[in-house]
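Structure first, commentary second.
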């Protein structure tokens, strides 16, 4: 399978996704948008992954390539390619699908639980292959300040105490996650090193020491395995 991924800053990479892809023998290609690289033609990949970044989806003055990226995402969705968006990537997908993206009441940074959405009647209509890999609750890693309304025709998957919309699926093959399942010790370290100024006392921001202590091998293995399951599901949609 040919996987293409969009990178918004040098310090946010694929994490455990890279390990998963290499173990399968998949081809990985990247567009570093921050470096002015050109987006690929639609027939150059099977699966698209849109990673995170500290900018917001509306920061066009500082990052004019965001407009081209959102237009590209609309094209990818329109032709039915499977897409996974993580953090900023999920917000970009929500924006491309016509939803509103805006600052959340609280920033959410650290290890906090998410809960399966139970109020959306469309959850029961999701493919069995997808519902079987969605836990009812899970502690995951967060680093975001913005949130979004749910795009039309999407199914809400998760929420948390700090953020109502944590994940959604559109047309069975576009998945947006506000949280990070690809997290590794290296990716946590890179985020802290580059975004440490955001770690201020607040209700849903853990201090650096707590983030590092909570990110142990057992929880990383659990969320990385879940990420692998979601990727396997999306691979079936190719």
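What follows draws every value from the coordinates through simple rules; no lab data is involved. Predicted, not measured: the structure shown is a model, and the values here were computed from it. Note that each Cβ is placed from the backbone with ideal geometry, even for glycine, and that neighbours are counted across all protein chains shown.
Report the gain in length on full extension from residue 192 to residue 61: 0.36 nm times residue separation, minus Cα-Cα distance, nm rounded to one decimal.
Between residue 192 and residue 61, full extension yields 44.6 nm more.
Roughly speaking, what is the stretch gain from residue 10 to residue 126, that is 0.36 nm per residue apart minus the C-alpha to C-alpha distance, in nm to one decimal?
38.3 nm
Cα convex hull of segment 38-99: mean projected area in nm², to one decimal?
Directional mean of the projected Cα hull area for segment 38-99 stands at 4.1 nm².
Ranked by Cβ crowding within 10 angstrom, fewest neighbours first, how are 70, 2, 81 ordered?
On the way: 70 17, 2 14, 81 21.
Ranked by crowding around the Cβ, least crowded first: 2, 70, 81.
What do the square roots of 5 times the Cα gyration tensor eigenvalues come to for segment 191-238, in whole Å, largest first, as semi-axes of the equivalent ellipsoid?
30, 14, 9
What three numbers, in Å, describe the spread of the alpha carbons of segment 2-236 along their principal axes, ordered from the longest?
Cα spread of segment 2-236 along its principal axes, largest to smallest: 45, 42, 37 Å.
Remind me, what semi-axes does segment 94-169 give for its equivalent ellipsoid, largest first in whole Å, using sqrt of 5 times each Cα gyration tensor eigenvalue?
On the way: eigenvalues 84, 58, 16 Å².
Ellipsoid half-lengths, sorted descending, are 21, 17, 9 Å.
Counting helices only, and only those DSSP H runs with n ≥ 4, report the 222 nm mean residue ellipticity of the chain as the sum of -39,500 (n - 2.57) divided by its residues, in deg cm²/dmol to the nearest 500.
Taking each H run of at least 4 residues, the total per residue is -9500 deg cm²/dmol.
On a full-extension model of 0.36 nm per residue, what is the gain between residue 37 and residue 213, subtracting their alpha-carbon distance, rounded to one decimal in nm?
59.7 nm
Starting from the Cα of residue 44, step 7 Å along the direction of its Cβ; do the same at residue 78; then give the gap between the two resulting points in nm.
1.9
Computed from the mean reciprocal separation of all distinct C-alpha pairs, what Kirkwood hydrodynamic radius does segment 138-238 have, in Å?
On the way: mean 1/r = 0.0666 Å⁻¹.
One over the average 1/r among Cα pairs gives 15.0 Å for segment 138-238.
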